[in-house]
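J.: To start, I am sharing the structure in question, which I have written as structure tokens.
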Amino acid sequence: MAVIIDESCITCDACAQQCPVNAILDDALNPTGNKRYYVQPEKCIECVGVFDDPQCAAICPSIGCITWDMPFTQEFEEHFTQAGVYALAKAKEGKTLRDQKFRADIPLSRRGIKEKVQQEPSEGEIG
């Protein structure tokens, strides 16, 4: 996974309906107990190989609600098992998390710091 839904989520259900891999849980099923939708990091593929952009962010009416997170790879296993933001059990000894697809064109400098996936259009783009 490399997207996360933040506290500005209005629980409208648009993202969950658009996700091609059913990686998004509604607020009632959020395993962290937060009252917002939850992206399962072990399922999210950032729409790689399916769409040009993450569809959850493309459809979300709350611009900035969906932000980049670290790639769901073994390299960042501790981030996903220790962050407290996720409901993942620590990987068992000798086992590591299975890498998920992620957008390699998004640099690490834009990940893990709540960088918006969807940007507000500039005045010139509004038509």
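The values are calculated or read from the model by the stated rules, or taken from the named source; none is laboratory data. A quick note: this is a predicted structure, and the numbers were derived from the prediction, not measured. Positions of Cβ are backbone-derived with ideal geometry, glycine not excepted, and every protein chain shown enters the neighbour counts.
J.: Could you check how many residues of the stretch 42-79 are of a type in the set (Phe, Trp, Tyr), out of contact with any Lys or Arg (no Cβ under 6 Å at 6 or more places or on another chain) and in contact (Cβ under 8 Å) with a residue 40 or more places away in the chain? Break it down stepwise before answering.
T.: Taking the stretch 42-79 as the starting set, the residues that turn out to be of a type in the set (Phe, Trp, Tyr) are 51, 68, 72, 76.
Checking the rest, the ones that are also out of contact with any Lys or Arg (no Cβ under 6 Å at 6 or more places or on another chain) come to 51, 72, 76.
Still in the running and in contact (Cβ under 8 Å) with a residue 40 or more places away in the chain: 72.
Residues flagged as of a type in the set (Phe, Trp, Tyr), out of contact with any Lys or Arg (no Cβ under 6 Å at 6 or more places or on another chain) and in contact (Cβ under 8 Å) with a residue 40 or more places away in the chain within the stretch 42-79 amount to 1.
J.: From the list 27, 69, pick out the single residue that is over 22 Å from residue 104 (Cβ atoms) and out of contact with any Leu (no Cβ under 9 Å at 6 or more places or on another chain).
T.: On the way: 69 fails: over 22 Å from residue 104 (Cβ atoms).
Among 27, 69, only 27 is over 22 Å from residue 104 (Cβ atoms) and out of contact with any Leu (no Cβ under 9 Å at 6 or more places or on another chain).
J.: Taking into account only those residues within the stretch 88-127 that are in a helix (DSSP H, G or I) and at pLDDT 75 or above, which is nearest to residue 59 (Cα to Cα)?
T.: Filtering the stretch 88-127 down to residues in a helix (DSSP H, G or I) leaves 108-110, 123-125.
Narrowing further to those that are at pLDDT 75 or above: 108-110.
On the way: 108: 24, 109: 25, 110: 21 Å.
Filtering the stretch 88-127 for residues that are in a helix (DSSP H, G or I) and at pLDDT 75 or above, the one nearest to residue 59 (Cα to Cα) comes out as 110.
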